[in-house]
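Undergrad: Can you keep this structure in mind? I'll have questions shortly.
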Amino acid sequence: MPKLKKSVYEAELFRLQSELVKLQEWVRESGERLVIVFEGRDAAGKGSAIKRVTQYLNSRHVRVAALPAPTERQKSQWYFQKYVEHLPAAGEIVLFDRSWYNRAGVERVMGFCTPAEHKRFMAQCPVFEQLLIDDGIMLRKYWFSVSDAEQEKRFASRLEDPMRQWKLSPMDLESIARWEDYSRAKDDMFIHTDTPASPWFVVESEDKKRSRINMISHLLSTVPYEEVTHPPISLPERPASTGYRRTPRELQTYVPDHASTLG
């Protein structure tokens with residue numbers, strides 16, 4: 001499949017992002033709650049998709065939850081407990097950059113959970129998600145799929161780019177050697193958690209531009225949002241001066257004018 005042309009991509013992305021703004025306003029005004037789960041292979045494009053989704057949205061109403069490794073205290077809690085803390089209140093959207101599905105993927109493959117803990121997760125996860133849905137939360141789950149060859153190509157690109165080397169973690173490198181283990185874990189996860197009430201939507205991500213367009217378009221098609229009409233806004237006239245005088249500049253500390261040294 002040919003890569004999406006840049007001009008076509010940018011025009012459609014902007015159109016979709018304008019619709020996301022409308023979606024955000026509808027969620028805020030209606031008091032709805034929306035959870036979007038981003039999962040998939042390392043370097044499959046989850047992070048860049050999240051950036052395009054949130055680019056023009058209000059961070060007061062739209063949050064990204066990218067949770068670190070659990071603390072010792074969290075390890076002793078009910079597994080889903082730390083994720084519940086990040087669920088949206090009325091009028092909010094939360095995007096999970098990886099989620100409770102860590103247990104079905106990296107924790108299982110890398111041995112960070114016991115077989116019993118993994119089995120319990122598989123049994124509880126559909127129930128947990130059904131509880132969210134029954135309480136009125138709109139839940140959308142996206143799996144970003146990428147081939148082993150494309151993943152390795154993206155890893156190599158990060159390795160050569162000092163601005164993106166931080167994206168390469170030991171877990172990322174380990175995922176190359178454990179490709180088939182992760183594949184089996186994903187297949188098992190889908191068997192248990194791809195339910196009619198909470199289905200997985202697979203995003204083909206060989207072409208990141210195409211995957212972003214497809215994912216955002218699909219999300220918008222699944223939410224019954226409507227455009228919220230706001231009263232027209234006009235700037236008020238600036239009142240006449242009452243004699244205020246600005247503090248002398250020499251009494252304040254300014255950042256150096258680095259820009260003036262350029263070009």
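Undergrad: By how many degrees, between 0 and 90 and to the nearest 10, does the Cα long axis of helix 115-134 differ from the longest principal axis of the chain?
TA: Computed tilt is about 50 degrees.
Undergrad: For a quick check of your reading of the filter: which trypsin sites (Lys or Arg not before Pro) in segment 1-61 sit in a DSSP loop and have no more than 14 other Cβ atoms within 10 Å?
TA: Numbers: sites: LYS3, LYS5, LYS6, ARG15, LYS22, ARG28, ARG33, ARG41, LYS46, LYS51, ARG52, ARG60; in loops: LYS3, LYS5, ARG41, ARG60.
Those satisfying the criteria are LYS3, LYS5, ARG60.
Undergrad: Turning to a different aspect of this structure: Starting from the Cα of GLU12, move 7 Å in the Cα-to-Cβ direction to define the label point; list residues of segment 196-211 whose amide nitrogen is under 20 Å from there.
TA: Taking a point 7 Å out along Cα→Cβ of GLU12, the residues of segment 196-211 whose backbone N falls under 20 Å are 201-211.
Undergrad: Same structure again: Need the C-alpha centroid separation for segment 202-263 versus segment 150-181, integer Å.
TA: If you average the Cα positions of each part, the centres end up 33 Å apart.
Undergrad: At 1.4 Å probe size, with the rest of the protein present, what percent of the exposed accessible area of segment 122-225 is carbon and sulfur atoms?
TA: 56 percent
Undergrad: Taking the simple approach of a point 7 Å from Cα along Cα-to-Cβ for both LEU67 and ASP188, what is their distance in nm?
TA: That separation, rounded to one decimal, is 2.1 nm.
Undergrad: Please work out how much length the chain gains when fully extended from GLN130 to ALA156, using 0.36 nm per residue of separation minus the C-alpha to C-alpha distance, in nm with one decimal.
TA: Full-extension gain reported as 5.4 nm.
Undergrad: In debye, nearest 20, what is the charge dipole magnitude of the chain about its Cα centre with +1 on Lys and Arg Cβ and -1 on Asp and Glu Cβ, if you could check?
TA: With only Lys, Arg, Asp and Glu charged at Cβ, the dipole is about 640 debye.
Undergrad: Based on the mean of other beta carbon atoms within 10 Å per residue, what is the order of 70-82, 186-198, most packed first?
TA: Answer by packing, highest mean first, reads 186-198, 70-82.
Undergrad: May I pose another question? Please determine, in degrees from 0 to 90 and to the nearest 10, the orientation of helix 179-193 with respect to the longest principal axis defined by the Cα atoms of the chain, where the helix direction is its Cα long axis.
TA: So the inclination is approximately 90 degrees.
Undergrad: In degrees between 0 and 90, to the nearest 10, how far off the longest principal axis of the chain does helix 148-160 point, with axes built from Cα atoms?
TA: Approximately 40 degrees, to the nearest 10.
Undergrad: Label points 7 Å out from Cα along the Cβ direction at GLU237 and LYS5: separation in nm?
TA: Spacing of the two 7 Å Cα→Cβ label points: 5.1 nm.
The values are calculated or read from the model by the stated rules, or taken from the named source; none is laboratory data. All figures in this text were calculated on a predicted structure; none of them were measured in a lab. Using ideal geometry, Cβ is built from the backbone for each residue, glycine included, and neighbour counts are taken over all protein chains shown. Keep in mind that these areas ignore ligands, DNA and RNA; they rest on the heavy atoms of the full protein, side chains included. Shrake-Rupley method; radii C 1.70, N 1.55, O 1.52, S 1.80 Å.
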